[in-house]
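Notes follow once the structure below has been shown.
Computed from the coordinates by the stated procedures, all read-outs in this text should not be read as laboratory data. All values reported here derive from a predicted model rather than from experimental measurement. Counting neighbours? That spans all protein chains shown, and the Cβs are built from the backbone with ideal geometry, glycine included.
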Amino acid sequence: MAPSMKDVAERAGVSVGTVSNVLNRPDRVAEATKAQVLAAISELGFVRNSSAAQLRAGTSRSLGLIVLDLANPFFHDVARGVEDVAEDAGYAVVLCNSDEQAHRENRYLQVLEEQRVRGVLITPVEVGSERLDALRRRGTPTVLVDRHDPNVNCCSVAVDDVAGGQLAGACLLDRNEHRRIAYVTGPLKIRQCADRLNGLRLAAKEAGLDPDEAITVVEMPALNARTGYEAASRLFRDGTDITAAFCANDLLALGVLRAAVSTGRQVPDDIALLGYDDIDFAADAAVPLSSVRQPRRQIGRAAAQLLIEECDNPITHAHQQIMFRPELVTRESTGG
Ligand code: RIB
C-alpha cells in the first residue's frame, strides 16, 4: 500500500500538518524540520496525491486534450501548440485519443471531469455531444479544436475547410484542367470531411461543371493510409474514369499514392494527387505531395490561449470563434 502523509509524519517525528506545510508552504517550516520530513518522504517513497488536494481546493493545473486520431501527425502538431501555451502558463496537458469513436470520447470526458481538470480542449467525433454539453453546464470550460459549431456556447478554433476544398478544386480544375476527380474521404459525418467536399463542389460549379458528374466521392470508415490505399485500389479495379484525386487528409493521399505506384500508374501524369494538412511527411513522399496546408501548431496555441483565458477569467471572459484560412502548397504530385 502506498505510504501516506501519516506514515511520513510518524517516520519524521512530526505532525501531519507539518508534512503538509513542507509540501505546500515550505517557507513556514524550519530548515532542520524540513530536512527531516524530506528524508522521510525519500525513505518511504511517498508521492503526494495532487488530485485529492485539487478536489479539496476545487482547482487543478491540468487541461484535458481529446484528439480524434493520435496516429495522425496533424494532431501531434496541434498538441505541441497546446503544450507550448499550457507549459508557459503553468498547466499540464492530459492527452486523450478518441480514435474517432464516440464511446471512447465519452469515457475520456468522464475521466477528465472526475480528475477535475480546469478545462477541456476537444475535436469532437460528432456534432452535439450530450456529455460535452453537460460538462460545460457543470462548469468545466471547453474549447472546440479544429471545429466550428455556431450552435454551441463556447470558444472554437478551426480552419475554413470549405475554402480549403475550393483551393483544392481550383488547383485541379483550373490550373491543371482535370475534369474527372475522385474525392477520397473519411466519414462525411466528420464536419471537416463534409466541408472540404462542399468546397470542391463549389469549385466545380465555378469551373462550369456539374459537381455530380465531375466528382466521384469515395467515403471510407477512417482517414488513414490503409483506407486511402483501399479506396484507390477500388477506383482502379473498377476502371473509374478519373485523372485526379483530392483526399480529405494527407494520410489518405499517401495511401492513394501507394496504390498508384503498385499498379504502375504515374503521379501526376496518370493521376494527379492532392492531400490536406501538409503534414511533415507530405514533402518527403515518394512523389512530393501537394496539399492544402493547415496552421496546425497555431490551431493548438490559439485553442489553449482561449481556454486558459476563460479558466483564469471566468467572469470577464467572452467566447470567441477563431477561423484560420488554409493555403495551397503545390509539389510534384500535381505537376507543381
Ligand atoms: O481528423 C481528420 C482530419 O481532420 C485531419 O487529418 C485534419 O485534416 C483534421 O482537420
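Summary table below
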{"quantity": "Rounded FRET efficiency, nearest 0.05, which uses the C-beta distance separating Thr240 from Asn151 and R0 of 56 Å", "calculated": "0.90"}
{"quantity": "Asp99, Asp69, Asp278 arranged by Cβ crowding within 10 Å, fewest neighbours leading", "calculated": "Asp99, Asp69, Asp278"}
{"quantity": "Pairs of Cα atoms farther than 17 Å apart, segment 258-299, %", "calculated": "37"}
{"quantity": "Amide H partners (placed H, <5 Å) of Arg293, local residues excluded", "calculated": "Asp277, Glu327, Leu328, Val329"}
{"quantity": "All-pairs Cα distance distribution in the chain, expressed in whole percent, bin size 10 Å", "calculated": "6, 23, 25, 18, 13, 8, 5, 2, 0"}
{"quantity": "For segment 275-281, Karplus couplings with θ = phi - 60° (6.51, -1.76, 1.60), whole Hz, Gly/Pro x", "calculated": "x, 8, 3, 6, 5, 4, 5"}
{"quantity": "Among beta bridges that DSSP assigns inside the chain, antiparallel share in %, nearest 5", "calculated": "10"}
{"quantity": "For segment 205-213, 3J(HN,Hα) per residue [Karplus equation, 6.51 cos²θ - 1.76 cosθ + 1.60, θ = phi - 60°, Hz, x = Gly/Pro]", "calculated": "4, 4, 8, x, 10, 8, x, 5, 7"}
{"quantity": "Top positive-direction residue, dipole computed over the chain with Cβ charges, set Val159, Gln192, Gly45", "calculated": "Gly45"}
{"quantity": "Cβ-derived FRET efficiency at R0 45 Å, Asp160 paired with Arg61, nearest 0.05", "calculated": "0.85"}
{"quantity": "The chain, dipole about Cα centre (Lys/Arg Cβ +1, Asp/Glu Cβ -1), debye to the nearest 20", "calculated": "1040"}
{"quantity": "Extension gain (nm, one decimal) between Glu43 and Arg325, 0.36 nm per residue minus Cα-Cα", "calculated": "96.0 nm"}
{"quantity": "Packing-based exposure ordering (other Cβ within 10 Å, fewest first) of Cys96, Cys171", "calculated": "Cys96, Cys171"}
{"quantity": "Estimated FRET transfer efficiency (Arg265, Asp210; beta-carbon r; R0 22 Å; 0.05)", "calculated": "0.25"}
{"quantity": "Mean separation of Cα contacts under 8 Å (6+ apart) over length of the chain, as relative contact order %", "calculated": "17"}
{"quantity": "Charge dipole magnitude, Cβ of K and R +1, D and E -1 - segment 207-336, Cα centre, debye nearest 20", "calculated": "320"}
{"quantity": "Whole-Å distance, taken between Cα centres, linking segment 147-224 and segment 71-109", "calculated": "25"}
{"quantity": "Inter-label distance for Arg131 and Leu70, nm, one decimal - labels placed 7 Å from Cα along Cα-to-Cβ", "calculated": "1.6"}
{"quantity": "Helix-only mean residue ellipticity at 222 nm for the chain, each DSSP H run of n ≥ 4 adding -39500 (n - 2.57), per residue, nearest 500", "calculated": "-13500 deg cm²/dmol"}
{"quantity": "At 1.567 mPa s and 4 °C, Stokes D of segment 94-248 from Kirkwood alpha-carbon radius, µm² per second", "calculated": "75"}
